[in-house]
């Protein structure tokens, strides 16, 4: 049966026509950029994991943005400092790994854990307002990295380079239908590639292990956890700092895997978008990861529209919008998600509430 | 300086000095401590400055330069030159508006981190109308441009307020997103419709007659006076009007205020709008008072500084003035410090961060927000029990 | 467990001369207490007498300033809940310590996990043990059920299972019957008896005299942190215990006098409403209160009482039905509009809903009227008028405070509630809605508030009283409406109502109706 008339008819309705063109454009362009989308999704997903672990334990961490920024900076600076000590080595075949890169990565993670420890101290021990504590971390990270960057970049130093992406054989990536998926997850550097495994592992850990059960209890009803002998304060500290590892990886990813240098404010709000992804994913690791992928798609679209705008009416409409407004798209989406989804998803009951031991002496 | 609630007036007069001390003791200790630590940071930074011998007294040079940049020298004063002090006041004025914006939000239990975005929108409104009325009679141009800035700032605060009240989107994340959107919007407009066509770079026309008049030469504009008036008006609203009572009640316990017949959602929207308007005024202050035109990279540190100003002043509208003056002076003096001591002006950011950390470490700050600012995430959920935050 | 039931050896638990001081108050002043194997030992005292502090000491949540704890005659130092549990002491708290979103099994496992290996849980084995344990006490429980879906009676059982899963030999129950119906209370008593017969030692904390008399083998009464007497149920009675507990002769019931109901004041017909998650919780409520009458609502918590109250006072929009006040339709009116037409409301949770704790007493007293004359002129507040009226209210309602500018947070619970009562009662009213008006208060405050309520009724106000304390409802109400699954299933005459009958109605909705209800809601 010939339905061309129907399709032509639908296309002639202006909005609907554009919508069809949009779907066509996305189908055409997204699979080819799957690897880049994963690149965008990695820091969001890792940061969302930080959020999931913290909030499941009852601690709101809005300082993820700053923690990432500090880690990105640390990775870069340590790379600069360490690289000459090892005689500026060239990368190995797998992922272009060098000793300086590994040390830089470790330093980035360490700094993130330390910063998370500060957040834990302020919000758990001092029982400071957790939002303010996180905000201060963001302000401090922006300020300190900005100051040091000004100092250091005067001598235009050279960093330790970056992790290289693994190149899966063409035979695999050229496979019909699934080839782009393989490229998406395998044509990646070490941090991006391990993200999927970290997410799955965390999901299992959170819902099947002793640690997971206790973590969820502490985030929902800390007093109940304490009455069965769980050390609420200690577990929260521990979890916030473990969560810091993920933020550290996310930050290191930005300055050692996605790029090979540090720029002031290079996190551009990813720490906050990750919180939206966490909420959208209903505080589960896998949900957070999938939401991060969705945000990544939008981040990528906002770039692709500038590089390779679609043809036809749609292209006309899209290029008429100033490029800067396309850059605002992920942020607008974040607000829409918060406004639309949050109303219906329920955070852990004790999320953000400082815990005070009963009658502590 | 009466800073208490209306019913606090019966307190002992004798204890006024003691009360004042209890208010300023912690902030003073925090500031002094942070300045000392700042000196340590300078010393530690020295090895990083290329081609410079280690100077154990560099921090003295740096702070001297900063102070000189902020207030000038006795020599200058004797010559009748007060440009440094006026410069500090010019830097302070937008911080007063911004600090009031953040502080007013705090009083309602809301954390408006969106001052930066509302500030940009305020400037955008002011420049748009200002350029349009550049040749109109000055009073008309000034009033219209300022009102436009206030209106756009208010609108940028209204959106997250509305979303918070009616869909539960948390204001902290949504205001930050609004900041990023504001940056992109501003860039799009300044390099698009607002751009001077012949200019090689993205810049708008001058606001001409819409510029705020100078009241203190060489460059002390009307905003300095307006900032003082604004602080007093905000204090008056908070502690003398029924609306202010509603705002404080909602901030302290939104459930109880709802049960008492107030309407927390409307109060949230109104508070965010009012807060955005104050931030918009900060934008007007910089644009109509200082730059008079806008480039695509327009923006200052007012957004973040405002948070520090409000926290240091514990959201008290009157105390926000000295608090803003401190940061205004540091910002004003940082330029000269960078020139004389080769220490980046961003040192102020580091000192500011240390002040903030120290403030949190002092238990005082804990009582600042009477309720959980994360607030009602899903519509009917409760703000954290007030009992938790009150010892 | 036979080894536990020896009679000659030292008692499993003995507390000697426990003293615990907090700034400005001695919570426990040399309290001694011992429990024998197989014994149910009741600790009787009114709110604030020091019962909870004593148990916190036992549970390692508070360190005593003086005194010793002996287990099986050996002095021990209990460092925290984990230590207490390890020594066989378990506590069932007044507010259940269960995580609502987790399953029964996860709640029982928490802290004492059955592991398949070092990392992962062995849920299968845990389920088996839980089922077995439940059966040994005569009930069948689904380990997979979410705790939030269980009735309070079943949650209580989960709490007890939690303790048994940890091999508790000393079980402390803090006000375990506060939220139960009389029938549920009986069922729990059966379980407790069985536990005691197996050799467990049970400390039963309560302020309800008849319960203590029924269940305990021995009763220790404390008042203001001191032991004031020890009795056996056979050698005492309610009046004796009440006097010991309060320190003076008390009237166990208020003199409610005779009501003279006037014209119908509040009329609710076919009222339907949903809860916060959109589930229908009120399925057509009909009720009427006349002027000068107290209508009490009896019901197990969570049967729609909260939503009913919220709908009447304007905090919740009904989805169907009609509410009239003195003949005027007030359906969907705002709280403020209702307040202005003479509706007053004392909410259940005074900290969360009734007061703004960081605000002064004066400001709390004008929380509903701050915008009206004389407290405001236009947009301006009149601080002098607010303070003047506050001083007068503090005197008339006997609120103990150094000054009206003191923060509400600095007051005791009783005085805080008096602030709410002063605000809500101190004007002409048509309708007074009381939700748990005396929860957690001392006897003196309770008496005071009850008298005020009666006075309001006698002045011609219609009073709606909701309370989880069935005793309070029975004591005050002229008529009692029993609420079950979002409906009023029966209305009884207050002075003649039989407690067990009311309890049965609360638990089942009445036999015939119970069937209908289960048919309606296929589980």
**OP:** Say whether the condition of being farther than 30 Å from residue C:339 by Cβ and either part of a loop (DSSP other than H, G, I, E, B) or touching a helix residue (DSSP H, G or I) at 6+ places or on another chain (Cβ under 9 Å) (or both) is met by at least one residue in region B:251-264.
**Re:** no
Original post:
On the given criteria, is residue C:440 within 25 Å of residue C:306 (Cα to Cα), modelled with pLDDT under 90 and under 28 Å from the mean Cα position of the chain (by Cα)?
Top reply: yes
**OP:** Would you mind finding the one in C:19, C:52, C:63 that is surrounded by fewer than 21 Cβ atoms within 10 Å (Cβ to Cβ), within 14 Å of another protein chain (Cβ to nearest Cβ), in contact with a strand residue (DSSP E or B) (Cβ under 9 Å, 6 or more places away or on another chain) and outside any loop (DSSP other than H, G, I, E, B)?
**Re:** C:19
Original post:
From the list C:146, C:162, which one is within 8 Å of chain A (Cβ to nearest Cβ) and within 25 Å of the chain's Cα centre (by Cα)?
Top reply: C:162
**OP:** Confirm whether residue B:95 is surrounded by 24 or more Cβ atoms within 10 Å (Cβ to Cβ) and away from chain A (no Cβ under 11 Å).
**Re:** yes
**OP:** Scan region A:279-297 residue by residue and report those that are on the phi > 0 side of the Ramachandran plot and either touching a strand residue (DSSP E or B) at 6+ places or on another chain (Cβ under 7 Å) or surrounded by 19 or more Cβ atoms within 10 Å (Cβ to Cβ) (or both).
**Re:** A:283
Original post:
Looking at B:281, B:288, which one is under 21 Å from residue B:156 (Cα atoms), more than 14 Å from every other protein chain (Cβ to nearest Cβ) and in contact with a strand residue (DSSP E or B) (Cβ under 9 Å, 6 or more places away or on another chain)?
Top reply: B:288
Original post:
Of (1) over 22 Å from residue A:324 (Cα atoms); (2) modelled with pLDDT of 90 or more; (3) more than 14 Å from chain C (Cβ to nearest Cβ), residue A:261 satisfies all except one. Which?
Top reply: (2)
Subject >> Selection status of residue B:299, at positive phi, in contact with a helix residue (DSSP H, G or I) (Cβ under 8 Å, 6 or more places away or on another chain) and in contact (Cβ under 8 Å) with a residue 12 or more places away in the chain >> reply: yes
**OP:** Test residue A:276 against the stated conditions and say whether it is over 23 Å from residue A:193 (Cβ atoms) and either buried (at least 18 other Cβ atoms within 10 Å of the Cβ) or at pLDDT 90 or above (or both).
**Re:** yes
Original post:
residue C:282 is checked against (1) in contact with a helix residue (DSSP H, G or I) (Cβ under 8 Å, 6 or more places away or on another chain); (2) outside any strand (DSSP E or B); (3) within 27 Å of residue C:180 (Cβ to Cβ) and fails just one. What number does that condition carry?
Top reply: (2)
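Give the residue, chosen from B:229, B:181, B:224, that is part of a helix (DSSP H, G or I) and free of Cβ contacts under 8 Å to residues at least 40 places away in the same chain. Walk me through it before giving the result.
On the way: B:181 fails: free of Cβ contacts under 8 Å to residues at least 40 places away in the same chain; B:224 fails: free of Cβ contacts under 8 Å to residues at least 40 places away in the same chain.
After ruling out the rest, the residue left standing is B:229.
So that you can scan it fast, the table gives a plain yes or no per residue for (1) at negative phi; (2) in contact with a strand residue (DSSP E or B) (Cβ under 6 Å, 6 or more places away or on another chain); (3) touching a residue at least 60 places away in the same chain (Cβ under 8 Å):
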{"site": "C:182", "(1), (2), (3)": "yes, no, yes"}
{"site": "C:188", "(1), (2), (3)": "yes, no, no"}
{"site": "C:191", "(1), (2), (3)": "yes, no, no"}
{"site": "C:196", "(1), (2), (3)": "yes, yes, yes"}
{"site": "C:203", "(1), (2), (3)": "yes, yes, yes"}
{"site": "C:215", "(1), (2), (3)": "yes, yes, yes"}
{"site": "C:222", "(1), (2), (3)": "yes, no, yes"}
{"site": "C:225", "(1), (2), (3)": "no, yes, yes"}
Subject >> Single condition residue C:193 does not satisfy, out of (1) modelled with pLDDT of 90 or more; (2) surrounded by 17 or more Cβ atoms within 10 Å (Cβ to Cβ); (3) under 25 Å from the mean Cα position of the chain (by Cα) >> reply: (2)
Subject >> residue A:100 being outside any helix (DSSP H, G or I) and touching a helix residue (DSSP H, G or I) at 6+ places or on another chain (Cβ under 7 Å) >> reply: no
Original post:
Does residue A:107 satisfy being under 30 Å from residue A:35 (Cα atoms), touching a helix residue (DSSP H, G or I) at 6+ places or on another chain (Cβ under 9 Å), modelled with pLDDT under 90 and not in a loop (DSSP other than H, G, I, E, B)?
Top reply: no
Subject >> Pick from region C:402-437, criterion away from chain B (no Cβ under 13 Å), closer than 15 Å to residue C:360 by Cα and in contact with a helix residue (DSSP H, G or I) (Cβ under 6 Å, 6 or more places away or on another chain), ranking: surrounded by the fewest Cβ atoms within 10 Å (Cβ to Cβ) >> reply: C:422
Original post:
Does region B:134-148 include one or more residues that are part of a helix (DSSP H, G or I), more than 30 Å from residue B:81 (Cβ to Cβ), within 14 Å of another protein chain (Cβ to nearest Cβ) and modelled with pLDDT of 95 or more?
Top reply: no
Original post:
Among the residues of region C:326-343, which ones are touching a strand residue (DSSP E or B) at 6+ places or on another chain (Cβ under 9 Å), more than 10 Å from every other protein chain (Cβ to nearest Cβ) and more than 22 Å from residue C:274 (Cα to Cα)?
Top reply: C:326, C:327, C:341, C:342, C:343
**OP:** Select from region C:344-384 the residues that are in a loop (DSSP other than H, G, I, E, B) and facing chain B (nearest Cβ under 8 Å) and list them in ascending order.
**Re:** C:347, C:355, C:356, C:357, C:358, C:359, C:367, C:368, C:370, C:371, C:379
**OP:** Quickly run through region B:314-343 and pick out the residues that are modelled with pLDDT of 90 or more and not in a helix (DSSP H, G or I).
**Re:** B:315, B:316, B:317, B:318, B:319
Original post:
Quick one: would you say residue B:243 is under 20 Å from residue C:374 (Cα atoms), at the interface with chain C (Cβ under 8 Å from one of its Cβ atoms) and under 23 Å from the mean Cα position of the chain (by Cα)?
Top reply: yes
**OP:** Tell me, please, whether a residue that is under 18 Å from residue C:259 (Cβ atoms) and part of a strand (DSSP E or B) can be found in region C:398-416.
**Re:** no
**OP:** Look through C:391, C:454 and report the one residue that is surrounded by fewer than 19 Cβ atoms within 10 Å (Cβ to Cβ) and away from chain B (no Cβ under 14 Å).
**Re:** C:454
**OP:** Name the residue, out of B:110, B:186, B:124, that is in contact (Cβ under 8 Å) with a residue 40 or more places away in the chain, surrounded by 23 or more Cβ atoms within 10 Å (Cβ to Cβ) and assigned to a loop (DSSP other than H, G, I, E, B).
**Re:** B:110
Original post:
Residues in region C:79-93 that are over 20 Å from residue C:156 (Cα atoms) and surrounded by fewer than 22 Cβ atoms within 10 Å (Cβ to Cβ): how many?
Top reply: 6
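The values are calculated or read from the model by the stated rules, or taken from the named source; none is laboratory data. Keep in mind that this is a model prediction, so the values were computed, not measured. Counting neighbours? That spans all protein chains shown, and the Cβs are built from the backbone with ideal geometry, glycine included.
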